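Here's the structure we're looking at; comments come further down.
The values are calculated or read from the model by the stated rules, or taken from the named source; none is laboratory data. These numbers were taken from a predicted model, which means no experiment stands behind them. Note: ideal-geometry Cβ built from the backbone for every residue, glycine included; neighbour counts use all protein chains shown. In case anyone asks, the SASA skips ligands and DNA or RNA and just uses the protein heavy atoms, side chains included. Shrake-Rupley method; radii C 1.70, N 1.55, O 1.52, S 1.80 Å.
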Amino acid sequence: MPLPRPLPIVLVATALAGLLSGCIPILIGAGATTGVAAAEERGMGGSIDDLKIRTAINQKWFDRDVEMYRKVTLNISEGRVMLTGVVPTEKNRNDAAELVGQVAGVREVYNEIVVRGDDEPGGNSANDLWIQQKMKTRMLGDSDIRNINFVVDVSDAVVYVLGIAQNDTEMERVIAHARDINGVRRVVNHIRLKNDPRRTGG
């Protein structure tokens, strides 16, 4: 769920925190962080590459417009960047995605940012957070889902899922959980299968 972020003192610290973005298990310590990254389908190398991308994007956003950094949420999986959040103009939306596209290592950009004027009614952030936590709990409790490989974001009761599925069955289970949660308006699927040749540039 996109929430206002505090201004960074050191952007690298923000990026390090983002390394575990979307990972349901909460682990403490450098060793735990390393273990999580190694266990992911993208592996330690992929996690480090995504961390570099996250740091570079945050720097570009912060340099261009502090509000862009505050209002847009990014999640990354093997160079695929998913953008969510709410901005006041179409130009803000396009600028955020354009800056992402300038970063080395970015392979795809999923621009899911919503444009909404200041005078337009917004979504229910408390409800979004409830949906997000409900989704994470369901995935964690499903032994047929490797939850560490997925990122879940919720905005205006729309569930966005990014990650890597072992097969079609796992992907369908993830999406089914999202659709089954009360109050979800729509599910946006950016999951890629483990054997998808695009993962290796094929």
* To do: Could you sort out which of LYS91/LYS134; LYS60/LYS134; LYS52/LYS194; LYS91/LYS194 sit more than 30 Å apart by Cα distance in this structure?
  => LYS91/LYS134; LYS60/LYS134; LYS91/LYS194
* To do: Identify all aspartates and glutamates with a Cα-Cα distance to LYS71 below 18 Å; exclude those on the same chain that are fewer than 8 residues away in sequence.
  => ASP63, GLU90, ASP95, GLU98, GLU112, ASP118, ASP119, GLU120, ASP128, ASP153, ASP156
* Determine the shape class of the stretch 36-181: with a ≥ b ≥ c the square roots of the Cα gyration tensor eigenvalues, call it rounded for a/c under 1.5, and otherwise prolate if a/b is greater than b/c, oblate otherwise. => oblate
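Computing the accessible area with a 1.4 Å probe over protein heavy atoms, can you report the carbon and sulfur percentage for the stretch 76-159? Walk me through the numbers before you get to the answer.
Working: 1770 of 3770 Å².
Here it works out to 47 percent.
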* Structure fact -> Taking Lys and Arg as +1 and Asp and Glu as -1, residues besides ALA96 with C-beta under 12 Å from its C-beta add up to 0
* Contour excess over end-to-end distance, with Cα ends at ARG185 and ASP119 and 0.36 nm allotted per residue -> 21.5 nm
* Among 65-73, 110-118, what's the highest-first ranking by average C-beta atoms within 10 angstrom per residue? -> 65-73, 110-118
* In Å², what does the accessible area per residue of the stretch 41-119 work out to with a 1.4 Å probe? -> 43
* Could you tally the net charge around GLY122, taking each other residue with its Cβ under 13 Å from the Cβ of GLY122, Lys/Arg +1 and Asp/Glu -1? => -3
* Rounded to a whole number of µm²/s, how large is the Stokes-Einstein D of the stretch 41-119 at 37 °C and 0.692 mPa s, given Rh as the Kirkwood radius over C-alpha pairs? -> 260
